[in-house]
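One structure is given below, encoded as structure tokens.
Since every read-out is calculated from the coordinates, none of them should be taken as a lab result. What you are looking at is a predicted structure, and each value in this text was computed from that prediction instead of being measured. No Cβ is skipped: glycine too gets one built from the backbone with ideal geometry, and neighbour counts run over all protein chains shown.
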Amino acid sequence: MKSKYEIIIYWSSEDDCLLAEVPELPGCMADGKDYNEAIENVLIVIDEWIETARLTGKEIPEPKGRLLYA
């Protein structure tokens, strides 16, 4: 699946890696040693999140596109 969810990537000194979070999918995040790895990993986790939601009957949010944060 090609993700249409917003992904936020930031450096975590505590984890010594980049973290990629998907705000619209609670708890959906992955890490990587560089941007490419973080994106590859989070795309896998997005698919897994959606598949788990389908199997458990959990609602799957529609992608909203760009979210605004203050």
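Taking the longest Cα principal axis of the chain as reference, the axis of helix 35-56 is set at about 20 degrees.
Length available on full extension from residue 3 to residue 36: 0.36 nm per residue minus the Cα-Cα distance, which gives 10.4 nm. As a check on your grasp of the helix formula, calculate [θ] at 222 nm for the chain: sum -39500 (n - 2.57) over DSSP H runs of n ≥ 4, divide by the residue count, round to the nearest 500. That comes out to -11000 deg cm²/dmol.
Using only Cα coordinates, the Kirkwood hydrodynamic radius of the chain works out to 12.6 Å. Electrostatic tally near residue 23: other residues with Cβ closer than 10 Å to its Cβ, Lys and Arg +1, Asp and Glu -1, net -2. For the chain, the set of GluC sites (Glu not before Pro) satisfying both a DSSP loop assignment and a count of at most 10 other C-beta atoms within 10 Å is given as 14, 59. One decimal place: the segment residue 52-residue 12 gains 11.7 nm when fully extended, by the rule 0.36 nm per residue minus the C-alpha distance. Close amide H contacts of residue 28 (hydrogens built in the peptide plane, cut-off under 5 Å, sequence separation of 5 or more or a different chain): 22.
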